[in-house]
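Presented below is the structure to which this report refers.
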Amino acid sequence: MLLQVFLADSATILFPSMKLYKQRYYHLTDIPTVDVRGLLIGPNKPVRLMSVINLSPESFYQGSIAEDADNFQEMMKNSSELGADIIDIGAASTAPKQVYGTSEISTADEIERVTQAMESIDVSKYPPVSIDTISSKVAEIALEHGAAMINDVSGMQSDSKMASLVAEYEVPVVLMANCKPPCESVKASIDSLKKSLRIAEDVGIQKDKIILDPGIGFGKPPEVDFEILSVLKQYTKLKHPLLVGVSRKAFIGHILDLPNPDDRLTGSLIATAFAVVNGACVIRTHDVVETKTAIRMGEVIREKRLELV
């Protein structure tokens, strides 16, 4: 052991950049592993892929929308067979209205969509299902029908009953940074997450039930989205696994002059690999096969960095 310490310290002296890597990654060992119905998520686990299925015709990317029960079942089957680790189901679009003109729907409509979809499948035959909602009523319906996780893009700040629901059911939850108006800086994004973590702590949600999402997109200025990606390691200091969703989002279209989400796949894959290199533990995507490749490339680069620690 003393020899290992001596060699490590000597290497740091001989190669100063190694000290920088140590400073960047020392806190990763403090991040708890989150168990989503047997699927383990954390920095010392493979990066997980969350596929997206939308039950909402108003969603910004038409390729993610299940048009009816048969189409939903087919998309669930395809996501599973192609290698998704988690399937995230949403029944109300959270795409920013100021960007896509997204229409709002009632909670009753959202519940109806979720209920019909969940009742049409046997969830035990698929990877863990996550419910993408800011409504505790919708979340509870989904949990009663077999969902294993809640993905709340408001970070439990929209519905005062959401945190208590998560604590009661003892399920993992994704807490996203979501400022109102949209976050204008990395600091605002991190502050929003800290507020959500305080809410979680107040109701007794265990640390190993929480995944954080820095909230790329959602009406932020594109330069803020790029800055979040570039400093993603700062978010690991909050000591929770990170989920990152960049798939076909507007900041990619802005920089590449691609107003149509259908044209943003290549930019999404590049941003995905970068997010993995910088610490993402889960990637949320519309494109399972292509994103699996981007994740693996990012993992290899990240592993080579960590070998220097």
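Results, tabulated for the structure shown:
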quantity: Rounded to whole Hz, the Karplus (6.51, -1.76, 1.60) HN-Hα couplings of segment 70-83, x for glycine and proline; calculated: 5, 5, 4, 4, 5, 5, 4, 4, 5, 4, 5, 5, 7, x
quantity: Label assignment, percent of Cα pairs over 33 Å apart derived from the structure, set (i) 37; (ii) 21; (iii) 30; calculated: (ii)
quantity: Dipole magnitude of the chain about its Cα centre (Cβ charges: Lys, Arg +1; Asp, Glu -1), debye to nearest 20; calculated: 1520
quantity: Positive-pole candidate from ILE199, PRO128, HIS286, dipole of the chain, charges at beta carbon; calculated: ILE199
quantity: Cα→Cβ-extended label distance, 7 Å offset, between ASP262 and THR115, nm; calculated: 3.5
quantity: LEU143, LEU39 arranged by Cβ crowding within 10 Å, fewest neighbours leading; calculated: LEU39, LEU143
quantity: Lysines with Cα under 20 Å of LYS125, excluding same-chain neighbours fewer than 8 positions away; calculated: LYS77
quantity: Rel. contact order, % - alpha carbon contacts under 8 angstrom, at least six apart, the chain; calculated: 20
quantity: Loop GluC sites (Glu not before Pro), segment 214-309 (other Cβ atoms within 10 Å of the site Cβ: 13 or fewer; DSSP); calculated: GLU307
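Rule-based calculations on the coordinates, nothing more; no lab input. Here the structure is a predicted model, which is why all the values come from computation and not from measurement. Positions of Cβ are backbone-derived with ideal geometry, glycine not excepted, and every protein chain shown enters the neighbour counts.
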